[in-house]
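One structure is given here, and the rest of the page talks about it.
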Amino acid sequence: MNEAASQETLEEERVADDREVSAAEGTCGNAARRPFWKNEDWLAVWLGLAVIVSVLAGWMPGAPAFRWSDSGELAASVLALGNLSNLARVALLVGGLGAAGVWLMGGRLRHFFPGLAVVYGLAILALVIAGNSSIHAWGMEYVIFALAIGLAVGHTVGTPAWLQEAVRTEFYIKTGLVILGAGIVFGEILQAGALGLAQAVLVVLVVWFFAFWLGRKLGVDDEFTTMLATAVSICGVSAAIAACGAIQGDQRKLSYVTSLVLIVAVPMMIAMPWLIQSAGIPEIVGGAWLGGTLDTSGSVVAAGSLISESAMKAGVVVKFSQNVLIGVAALLLSVWWTVRQGGALAGRTGAGVIWERFPKFVLGFVAASLVFSFVLDPAVAKQAKPALESFRNAWFALAFTCIGLETRFTSLVGMGGGRPALTFVGAQAFNVVWTLLIAYLIFGGMLVAVPRFM
């Protein structure tokens, strides 16, 4: 091949890659070929770290209160002046940093600010609804309400053009994931107990590979299967978000997986405590079983409380141990998916292509986790945790509201012809059996030693 032909081939490949980048709109992460100060992945890293630095430097609003049981408590707690002040401070930092990122990416701030005010208001409404004590007792999380509100608005009044500038799902998810890294503190897990960590590793590895195998058997695409397997094997919603970002997944598939997680968690939360007590399963074993199978931390606490305090604590230990594996899973999935996608580009399979396509925000996630685990004083990390959780929830609530605004309900319901749902339910059924076996093996024979970890 002569030099001119080679140059033409390279140019065609570059154009094809640029088209692929453009087609990546609507995914949880794309590797747009922009300068690093305009690249969405890198901006998510800088803004996420800016939130963390701001909190550590003293910008620590009290964690906004969303828990309420009746109208009186709603007015006295959630709508109290002090709480509204905390919400405003979170909004100022999120809005200011978000605007900086949008401006660097070439967005129009005159449209972004009014649009963000609307999206933020809808996101806060979702957090308030999820804060109701009755809803919280059922283990329902704010993400499902953010998605539902977004879908309701999108299917009624629609999403006007002036609002579109603030509908930036991937940007919000990536930034929230960097902040999430600060909450994955390895020391807390090790203090909670090596037994919980041992169960978490055995459950996550086996259940993930079974779920992935089952998804492929049922004809579900690998992107969908990866998100489903990560959600069912690790810790539900947070794991699904991390997996979606790591593999640059479709937002609509993330919405589907999130809905499945929360819908399946409710009947399990009710049935499993009853089964534990009816079958005479030891409380510690039962708690470990709950922690390894229920996909939301709230549902683990609620279900464990129906048995005993020791069961609840055992469940929390196992769930926290699984949570710490989010970072490891995100990093491994990122490398695997990047190598896989890079290999699909004929003639461009070197390290440069892998780096180009690697989701950079994962580096921010890992860096935050390492700093909070091994660099910061544990007391400082613990003090910063409530504020960081508030900012993280704000970014994620914005993201799921945006997913709802962008998604048509018919496409969400009909996605995959029911095969993804069957994959999730089948994998969860396997998870229930396998985790009970592991809980008996690890906790059942060590009931005397377990209280030392409680």
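Couplings for the stretch 312-319, taken from phi via the Karplus curve 6.51 cos²θ - 1.76 cosθ + 1.60 with θ = phi - 60°, read 4, 5, 4, x, 5, 4, 5, 5 Hz in order; Gly and Pro are left as x. Amide H contacts under 5 Å for ASN132: TRP68, restricted to partners 5 or more places along the chain or on a different chain, H placed in the peptide plane at 1.01 Å from N. Per-residue Karplus couplings for the stretch 42-47, computed as 6.51 cos²θ - 1.76 cosθ + 1.60 with θ equal to phi - 60°, are listed in order as 5, 4, 4, 5, 5, 6 Hz, Gly and Pro entered as x. If you take all other residues with their beta carbon under 14 Å from the beta carbon of VAL204, and give Lys and Arg +1 and Asp and Glu -1, the sum is 0.
Using the Cβ of VAL119 as centre and a radius below 13 Å, the other residues enclosed give a net charge of -1, where K and R count +1 and D and E count -1.
When peptides 89-98, 119-128 are ranked by their average number of other Cβ atoms within 10 Å per residue, the highest-first order is 119-128, 89-98.
Ranked by the mean number of other Cβ atoms within 10 Å of their residues, highest first, the peptides 284-294, 263-273, 399-409 come out as 284-294, 399-409, 263-273. Karplus couplings for the stretch 260-272 from phi (6.51 cos²θ - 1.76 cosθ + 1.60, θ = phi - 60°), rounded to Hz, Gly and Pro as x? Result, ordered by residue: 4, 4, 6, 5, 6, 5, 5, x, 5, 4, 7, 6, 5 Hz.
Expressed as a whole percent, the accessible area of the stretch 158-238 that falls on carbon and sulfur atoms is 68 (1.4 Å probe). Taking amide H positions as modeled 1.01 Å from N, with prolines and chain starts lacking one, the residues under 5 Å from ASP250 and 5 or more places away or on another chain are CYS28.
For GLU223, the shell of other residues with beta-carbons less than 14 Å away shows a net charge of +2, using +1 for Lys and Arg and -1 for Asp and Glu. Cross-link reach is defined here as a Cα-Cα straight distance under 23 Å, omitting same-chain residues fewer than 8 places apart; for LYS385 the lysines meeting it are LYS174, LYS313, LYS319.
The values are calculated or read from the model by the stated rules, or taken from the named source; none is laboratory data. Please read all numbers here as calculations on a predicted model, not as lab measurements. Reconstructed Cβ throughout: ideal geometry from the backbone, glycine too, with neighbour counts over all protein chains shown. Each accessible area value is taken on the protein alone, full model and side chains, heavy atoms only, with ligands, DNA and RNA left out. Shrake-Rupley method; radii C 1.70, N 1.55, O 1.52, S 1.80 Å.
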